[in-house]
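Take a look at the structure below.
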Amino acid sequence: MSQTRLVAIEQDILAKNDSFAAVNRQLFAAKGVFVLNLMSSPGSGKTTLLTRTLTDLKGRFPVAVIEGDQQTSFDADRIRATGTPAIQVNTGKGCHLDAQMVTQAVGRLPVADESVLFIENVGNLVCPAGFDLGEAHKVVVLSVTEGEDKPLKYPAMFASADLLIVNKVDLLPHLTFDVARMIDYARRLKPSLEVIELSATGGQGLDRWYAWIEAGLAKAKGARKG
Amino acid sequence: MHELALSQGIIDVIREQAAVQGFTRVKTVRLVIGTLSHVEPEAIEFGFDAVSRGTIAEGATLAIERPPGEAFCLSCEKPVPLAERFDPCPDCGGHQLVVTGGEELRVKELEVE
């Protein structure tokens, strides 16, 4: 009969994910790549925002996209139609991207030095929040056709984000959505959360989003040169 | 159901440790899952049951500690308890809170043979 004993472990459950995230972050820093992890519910207009962004920013700096979905390559096809290199990662039954998937995707995708890499996560306000991908910032997109109490319903997501994009604001005249109240809810979770209100189809507010991206890229380039 | 991925993470930790510490069976897994973490203990139990099959941790009991949420209030300049992420500071009612505890997600120790 073998003896029972206690073994102290004290190891983070996400240790493996976090070690891949650290590898990604190191790689991105060395190349001066500004990486954004875009997260939202399904239907918030993430892919529409992304295709509009890629079209408008074309030629200003190199961009690449990693598209996460459970199934299909529809989104990557939409991205490639803008002329941007994109790779589709199908998570199968998985509900989020993890850092290792990003490591593998980056190996198959031309990510230029001093570029912007958008990672569009699986449409889900729960699971992606827990997984560091090695990004510079987590960006959460919430459209005004959703409930304004979503920040309180999905607190981990909003607490983990650095930027909140409020999308579809051109529809506000037809809705009862209270933008100020939603932002107040979100800032209860993350007092320092930045907010940009825009419409990916109407175009208003996009300038601020583009300026935010360019500032981030300039910072990534600066850090690379040291 | 990211708890399935996290359960796989627990199995990965156990596998590594089994090689280093030389055990062949796990009877109890002690986890620390903070009350503010994005994880439901029931879903971890369910996920662990599924992914531990055929491993040295099959049939192991999960013992889960739930440390409470804690924050530092920047306005009051002191630590305060925090039951939910979106709760205000119990003293000043403000939201200038930095979470300092309750987000743990850790394998603490194993009872092994």
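Of everything listed in (1) of a type outside the set (V, I, T); (2) touching an Asp or Glu at 6+ places or on another chain (Cβ under 9 Å); (3) part of a loop (DSSP other than H, G, I, E, B); (4) farther than 30 Å from A:V179 by Cα, the single unmet condition for A:E148 is (4).
Of the residues making up the stretch A:28-54, those that are aliphatic (A, V, I, L, M) and surrounded by 17 or more Cβ atoms within 10 Å (Cβ to Cβ) are A:V33, A:V35, A:L36, A:L38, A:M39, A:L49, A:L50, A:L54.
What residue, of B:T28, B:T35, B:T55, B:T61, is out of contact with any strand residue (DSSP E or B) (no Cβ under 8 Å at 6 or more places or on another chain) and within 21 Å of A:A8 (Cα to Cα)? When all the criteria are applied, what remains is B:T55. In the set A:V144, A:V116, only one residue is in contact (Cβ under 8 Å) with a residue 60 or more places away in the chain and more than 30 Å from B:S75 (Cβ to Cβ); that residue is A:V116. Being assigned to a helix (DSSP H, G or I) and either in contact (Cβ under 8 Å) with a residue 24 or more places away in the chain or in contact with a strand residue (DSSP E or B) (Cβ under 9 Å, 6 or more places away or on another chain) (or both) is the requirement here; does A:Q100 meet it? Yes: the conditions hold for A:Q100.
Right, A:L217: under 18 Å from A:L49 (Cβ atoms), part of a helix (DSSP H, G or I) and touching a residue at least 24 places away in the same chain (Cβ under 8 Å) or not? So A:L217 passes the test.
For A:P173, only one of the following conditions fails: (1) touching a helix residue (DSSP H, G or I) at 6+ places or on another chain (Cβ under 6 Å); (2) farther than 15 Å from A:A64 by Cβ. What is its number? Unmet for A:P173, out of (1) touching a helix residue (DSSP H, G or I) at 6+ places or on another chain (Cβ under 6 Å); (2) farther than 15 Å from A:A64 by Cβ: (1).
Report, by residue number, each residue of the stretch A:69-87 that is within 18 Å of A:G43 (Cα to Cα) and not in a loop (DSSP other than H, G, I, E, B). A:D69, A:F74, A:D75, A:A76, A:D77, A:R78, A:I79, listed by residue number. Annotation note: of A:V166, A:V195, A:V144, the sole residue that is surrounded by fewer than 20 Cβ atoms within 10 Å (Cβ to Cβ) and either on the phi < 0 side of the Ramachandran plot or within 19 Å of the chain's Cα centre (by Cα) (or both) is A:V195.
Condition check: under 30 Å from A:R188 (Cα atoms) and not aromatic (F, W, Y). Does A:D75 satisfy that? No; evaluated as a whole, the condition is false for this residue. Within the bounds of the stretch B:81-89, is there any residue that is over 21 Å from A:L152 (Cα atoms) and at pLDDT 95 or above? Checked against the condition, which is being over 21 Å from A:L152 (Cα atoms) and at pLDDT 95 or above, the stretch B:81-89 yields no hits at all. In the stretch A:55-67, of all residues being touching a residue at least 40 places away in the same chain (Cβ under 8 Å), within 14 Å of A:S115 (Cα to Cα) and not aromatic (F, W, Y), the one that is surrounded by the fewest Cβ atoms within 10 Å (Cβ to Cβ) corresponds to A:R60. Picking from residues in the stretch B:1-51 that are at the interface with chain A (Cβ under 10 Å from one of its Cβ atoms) and of a type in the set (S, T, N, Q), the one that is surrounded by the most Cβ atoms within 10 Å (Cβ to Cβ) is B:S7. The set of residues from the stretch A:2-24 being away from chain B (no Cβ under 14 Å) and surrounded by fewer than 19 Cβ atoms within 10 Å (Cβ to Cβ) comprises A:A22, A:V23. Of the strands (runs of 3 or more DSSP E) lying entirely inside the stretch B:59-113, not one is found with 2 or more residues being of a type in the set (G, A, S), within 8 Å of chain A (Cβ to nearest Cβ) and within 18 Å of the chain's Cα centre (by Cα).
When the stretch A:94-126 is filtered for residues that are in contact with a helix residue (DSSP H, G or I) (Cβ under 8 Å, 6 or more places away or on another chain), within 13 Å of chain B (Cβ to nearest Cβ) and not small (G, A, S), the ones remaining, listed by number, are A:C95, A:H96, A:L97, A:D98, A:Q100, A:N121, A:V122, A:L125, A:V126.
Of the numbered criteria (1) among the acidic types (D, E); (2) in contact (Cβ under 8 Å) with a residue 12 or more places away in the chain; (3) outside any helix (DSSP H, G or I), the one B:E45 fails is (3).
The values are calculated or read from the model by the stated rules, or taken from the named source; none is laboratory data. Everything numeric here is computed off the predicted structure, so don't read it as measured data. Cβ coordinates were reconstructed from backbone atoms using ideal geometry, including for glycine residues, and neighbour counts include every protein chain displayed.
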